[in-house]
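These notes concern the structure reproduced below.
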Amino acid sequence: MNPHPLISILVGGFVVAFVFGAIANRLRIAPIVGYLLAGIVIGPFTPGFVADGSLAPELAEVGVILLMFGVGLHFSISDLLSVRKIAIPGAIAQIIIATALGWALGYAIGWSVGTGLMFGLALSTASTVVLLRALEDRRLIDTSEGRIAVGWLIVEDIAMVVALVIVPALSGALKDSSGTSAQLGPLLFTLAVTIGKVVLFVALMLVIGKRLIPWALEQVSKTGSRELFTLAVLAIALGAAFGSAVLFGVSFALGAFFAGLILNESELSHKAAAETLPLRDAFAVLFFVAVGMLFNPSVLIRQPWAVAGTLLIILVGKSLAAWVIVLLFGHQQRVALIISASLAQIGEFAFMLAELGVKSGLLPHEGRDLILAGAIFSIVMNPVWFMMVDWLQPRGRRAGHMALPVVSAEDHVILVGHGRVGKLVNQAMRDGNQSVVVIENNAELVNALRGQGERAILGNAEAPGILEAARIDRARMLISAIPNVFEAGQVILRARALNPSIEVAARAHSDAEVEHLRLRGAEVVIMGEEEIARRMIEYVVERR
């Protein structure tokens, strides 16, 4: 018996995930692959150290809660309502299509109708963690396609909450091969209660939570204690998630999302997001480790064709259905491709439905193994799907940038990032009649800049072709205004390789980040704290 199960899962999970994640990064593979392999290594189906499998999913749930809370902090109620016309019918249609495809595969295997429907339902919903990680890595959360994907995800979550409640009530009828229907009255009552709880929760959050949560955080901020502020943010995120699950039967993720959505109305939302970021990233890693721990590799030998069929449903069936639905609603090809790639995977709700199916007798153990295999491989393949999105777009729009004539001006400045810092830098350079080309990953910001007559390229400066489109070979300076120091470091390395003589300036938040960027070729690295201190000193000297 392990006397320290919690400590062992944290140590084992983080250490092994770090080792395999570092190896994956070294091999230029998505770190997620390393985290999944780490879970398999410390899981019960491989020799050696075995972590406590009962604690891993709970710890992973903390990552899901913090992740959805963070997304809510970047969303607004108007953003959510703006995508309802496509998110609601689109998500429902995609769930129906995926469930039907799962039923067809189950029928081919020889399962009953109820078993096939349960299997298909588990394949119909995407993973919160994987989807948001993919959007964040490409800085798509704040774009129109990002908002559609998140809205779609919220609708799926609500649908799965309803499914988790009504499946036990239907299990008897679904197992009955004679086709006897369940009593309609009790079923409709259960469904009405579930939907009523969801509606009540949303109403309370929008009416009471909208006033209470921002007010409480503002009161804590007045104490001046950073520790209390961090605790308050965590208390709001975890408390709302837990309370929503216990009192209203809503998922942890949905409760956390609405807490963040409400807090978005407060001016302290950016500070709240910054405080939860380290914990969010750490516990999100445990999600992938937990998935790996659940996976039994022997299913690949026992059921190779069934695994292949499951993957086809997730990677092709769901993805194709989402692509067609988005196009039918009149959106552009780029939006349809990004949504389809985002949803070509399964995760948390699939595991919950699989466990429910096994406990209720609707799903055999081999069905759960197929779902886990589909989750593992679809998560691994998801970055590849996004690479194919780039490839499928017309030339000039690949790697995320729009068709734009190559910059003809020489001796210009390339500004990477047009957020709060980049916007101020760009304005100052425009006031000084400097020639500027902006590289930004937010389509709406790029369109706004172009509408003002500015040269802007849509894409990630790390991606092949982006810096070349900005004519890095003729530029005199590159300014990195993005906050992610690791991404900035890669951009600087690439810029140096393309133009060794270019001047480089970047931003940082700590001495370690300053050193990191200087080692990669930045001559000037500006740390916010130092500049604040310098301005304060200047003010004191001027007032003497």
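The values are calculated or read from the model by the stated rules, or taken from the named source; none is laboratory data. Fair warning: this is a prediction, and the values are worked out from it, not measured in the lab. Quick reminder, even Gly has a Cβ in these numbers, built from the backbone with ideal geometry, and neighbours come from all protein chains shown.
Table for the structure above
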read-out	value
One residue from F201, F248, F189 being touching a residue at least 24 places away in the same chain (Cβ under 8 Å) and either out of contact with any helix residue (DSSP H, G or I) (no Cβ under 9 Å at 6 or more places or on another chain) or closer than 22 Å to S76 by Cα (or both)	F201
Close pairs (6 angstrom Cβ cut-off, 6 or more residues apart or separate chains): farther than 26 Å from A350 by Cβ and touching a residue at least 12 places away in the same chain (Cβ under 8 Å) in segment 57-81, assigned to a loop (DSSP other than H, G, I, E, B) and of a type in the set (F, W, Y) anywhere	none
Test: residue in segment 52-64 that is hydroxyl-bearing (S, T, Y), surrounded by fewer than 19 Cβ atoms within 10 Å (Cβ to Cβ) and either in contact with a strand residue (DSSP E or B) (Cβ under 6 Å, 6 or more places away or on another chain) or closer than 30 Å to A259 by Cα (or both)	yes
Residue match in segment 450-460 (condition: crowded, with 17+ Cβ neighbours inside 10 Å, small (G, A, S) and closer than 18 Å to G422 by Cβ)	yes
Strands (runs of 3 or more DSSP E) wholly inside segment 403-476 containing at least 2 residues that are under 20 Å from R507 (Cα atoms)	413-416, 436-440
Residue in segment 87-94 that is of a type outside the set (D, E), surrounded by fewer than 16 Cβ atoms within 10 Å (Cβ to Cβ) and more than 29 Å from G116 (Cβ to Cβ) present	no
Condition check for V33: farther than 30 Å from S269 by Cα, hydrophobic (A, V, I, L, M, F, W, C) and more than 18 Å from the chain's Cα centre (by Cα)	no
Answer residue from segment 477-518, given it is part of a helix (DSSP H, G or I) and among the acidic types (D, E) and is nearest to S435 (Cα to Cα) among those	E487
Selected residue (only one of G102, G106 is crowded, with 24+ Cβ neighbours inside 10 Å, in a helix (DSSP H, G or I), assigned by TED's automatic domain parsing to the domain that holds S342 and in contact with a Leu (Cβ under 6 Å, 6 or more places away or on another chain))	G102
Qualifying positions in segment 311-339 - of a type outside the set (V, I, T) and touching a residue at least 24 places away in the same chain (Cβ under 8 Å)	L311, L315, G317, K318, S319, A321, A322, F329, H331, Q333, R334, L337
Given (1) farther than 30 Å from P57 by Cα; (2) at pLDDT 85 or above, number of the condition F201 does not satisfy	(1)
Residue among A91, A108, A100 that alone is within 19 Å of the chain's Cα centre (by Cα) and under 28 Å from E366 (Cα atoms)	A91
Matching residues, segment 112-137, being surrounded by fewer than 21 Cβ atoms within 10 Å (Cβ to Cβ) and part of a loop (DSSP other than H, G, I, E, B)	S112
Of residues in segment 423-463 being among the acidic types (D, E) and at pLDDT 85 or above, the one nearest to the chain's Cα centre (by Cα)	E440
Residue match in segment 256-266 (condition: out of contact with any Pro (no Cβ under 6 Å at 6 or more places or on another chain), surrounded by fewer than 13 Cβ atoms within 10 Å (Cβ to Cβ), assigned to a helix (DSSP H, G or I) and in the same structural domain as I32 (by TED's automatic domain parsing))	no
Filter pass, I466 being closer than 17 Å to G417 by Cβ, among the β-branched types (V, I, T) and either at pLDDT 90 or above or not assigned by TED's automatic domain parsing to the domain that holds R420 (or both)	no
Matching residues, segment 457-508, being closer than 23 Å to A428 by Cα and either in contact with a Cys (Cβ under 9 Å, 6 or more places away or on another chain) or aromatic (F, W, Y) (or both)	none
Test: I166 is surrounded by fewer than 24 Cβ atoms within 10 Å (Cβ to Cβ), over 15 Å from the mean Cα position of the chain (by Cα) and farther than 29 Å from Q303 by Cα	yes
Condition check for G521: assigned to a loop (DSSP other than H, G, I, E, B), assigned by TED's automatic domain parsing to the domain that holds A461, touching a Leu at 6+ places or on another chain (Cβ under 7 Å) and not polar (S, T, N, Q)	yes
Segment 478-503, residues that are aliphatic (A, V, I, L, M) and surrounded by 18 or more Cβ atoms within 10 Å (Cβ to Cβ)	L478, I479, A481, I482, V485, A488, V491, I492, A495, I502
Single residue of segment 267-297 satisfying the filter (among the hydrophobic types (A, V, I, L, M, F, W, C) and not in a helix (DSSP H, G or I)) that is nearest to A30 (Cα to Cα)	F295
Only listed residue being surrounded by fewer than 15 Cβ atoms within 10 Å (Cβ to Cβ) and touching a Phe, Trp or Tyr at 6+ places or on another chain (Cβ under 8 Å), chosen from L217, L200	L200
Residues (surrounded by 13 or more Cβ atoms within 10 Å (Cβ to Cβ) and of a type outside the set (D, E, K, R)) located in segment 504-523	V504, A505, A506, A508, H509, V514, H516, L517, G521, A522
